[in-house]
Amino acid sequence: MFKLFKKKPAALRIGDTAPNFEAETTSGKIKFHEWIGDSYAMLFSHPKDFTPVCSTELSRTAALKPEFDKRNTKVMGLSVDSVGDHAMWENDIGDVAKHFNGAALNFPLIADNDKKVAELYGMIHPGELDNLTIRSVFIIGPDKKIKLIMTYPASTGRNFLEILRALDSIQLTAQHKVATPVDWKHGDDCIIVPGLSDDEAKDLFPNGWNALKSYLRLVPDPSKK
Ligand code: BEZ
């Protein structure tokens with residue numbers, strides 16, 4: 001007798017097309033891909049409204065919203081709470097803002113009460129939290145492909161400056177044949193991608209490079225004027 005095992009959905013990976021969906025949000029119903037349009041997007045989940053770490057994270061993200069705007073990146077939160085709960089919690093987010101370098105909520109939240117989006121994106125990890133979304137981050141490009149995935153435990157608040165830093169790298173390396181080294185920040189030297197031969201690199205980087213190793217060739221940030 002064969003036992004029938006329920007097949008787990010495959011986990012999303014970088015390079016996959018971000019699953020499309022329709023959802024109710026605090027700014028009305030959205031079709032996700034249409035909402036992204038020609039922008040980048042950050043879709044991120046928190047475990048539950050009216051919880052402490054989540055309140056600090058959303059307030060900090062609201063303060064950084066102008067930085068996401070500068071990077072042509074839309075921000076969308078998600079939890080398995082209702083629009084009504086999101087609306088009530090919004091006041092608390094504003095109240096705690098000053099303690100965490102934060103601001104009042106200024107971006108939409110998906111009300112994923114039926115866990116449809118959470119399951120589509122693998123945001124529920126039963127070994128960590130029962131029936132709630134863990135702290136997931138998906139950066140999605142204008143081509144609707146997933147560029148970055150981060151997963152944090154419920155007990156650990158994220159650092160959204162790190163997400164902005166990664167976004168800078170993702171956007172730069174989509175335009176230029178460079179990669180960014182450890183701890184790189186916008187304006188720091190970059191690395192010529194290993195796939196580019198020295199001959200090819202000469203065309204793209206006519207001012208040359210600093211070769212720490214034959215495979216580690218540093219050039220100024222090509223986006224710097
Ligand atoms: C919090 O946001 O503080 C939290 C939420 C769920 C589990 C643990 C912590």
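For region 68-87, the set of residues classified as within 16 Å of the ligand (Cβ to nearest atom) and out of contact with any Cys (no Cβ under 8 Å at 6 or more places or on another chain) consists of G77, L78, V80, D81, D85, H86, listed by residue number.
Tell me, yes or no, whether region 93-114 has at least one residue that is β-branched (V, I, T) and out of contact with any helix residue (DSSP H, G or I) (no Cβ under 9 Å at 6 or more places or on another chain). No; the residues of region 93-114 include none that is β-branched (V, I, T) and out of contact with any helix residue (DSSP H, G or I) (no Cβ under 9 Å at 6 or more places or on another chain). There is at least one residue in region 153-168 that is away from the ligand (no atom under 16 Å from the Cβ) and touching an Asp or Glu at 6+ places or on another chain (Cβ under 8 Å). What residue, among those in region 33-67 that are out of contact with any Phe, Trp or Tyr (no Cβ under 9 Å at 6 or more places or on another chain) and among the charged types (D, E, K, R), is farthest from the ligand (Cβ to nearest atom)? Looking at the filtered set, the residue picked out is D38.
Take the conditions at negative phi, in contact (Cβ under 8 Å) with a residue 12 or more places away in the chain and either surrounded by fewer than 16 Cβ atoms within 10 Å (Cβ to Cβ) or out of contact with any Pro (no Cβ under 9 Å at 6 or more places or on another chain) (or both) and apply them to L132. Does it pass? Spelling it out, it is not the case that L132 is at negative phi, in contact (Cβ under 8 Å) with a residue 12 or more places away in the chain and either surrounded by fewer than 16 Cβ atoms within 10 Å (Cβ to Cβ) or out of contact with any Pro (no Cβ under 9 Å at 6 or more places or on another chain) (or both). Can we say V137 is modelled with pLDDT of 95 or more and within 16 Å of the ligand (Cβ to nearest atom)? So V137 fits the description; yes.
Checked against (1) buried (at least 22 other Cβ atoms within 10 Å of the Cβ); (2) in contact with a Ser or Thr (Cβ under 7 Å, 6 or more places away or on another chain); (3) farther than 23 Å from K147 by Cα, S59 meets all criteria but (2). One residue stands out among those in region 203-225 that are among the hydroxyl-bearing types (S, T, Y) and in contact (Cβ under 8 Å) with a residue 12 or more places away in the chain: the one that is farthest from L172 (Cα to Cα), which is Y215. Just one of the listed residues (F50, F68, F107, F44) is of a type in the set (F, W, Y), without any contact (Cβ under 8 Å) to a residue 60 or more places away in the chain and under 18 Å from F160 (Cβ atoms), namely F107. Kindly evaluate D143 against the criterion of being away from the ligand (no atom under 15 Å from the Cβ) and outside any loop (DSSP other than H, G, I, E, B). No, not satisfied. Restricting G127, G77 to those that are on the phi < 0 side of the Ramachandran plot, without any contact (Cβ under 8 Å) to a residue 60 or more places away in the chain and surrounded by 21 or more Cβ atoms within 10 Å (Cβ to Cβ) reduces the list to G77. For region 146-180, the tally of residues that are part of a strand (DSSP E or B), under 20 Å from P47 (Cβ atoms) and β-branched (V, I, T) stands at 2.
The values are calculated or read from the model by the stated rules, or taken from the named source; none is laboratory data. Every value quoted in this text rests on a predicted model; they were computed, and no experiment measured them. Using ideal geometry, Cβ is built from the backbone for each residue, glycine included, and neighbour counts are taken over all protein chains shown.
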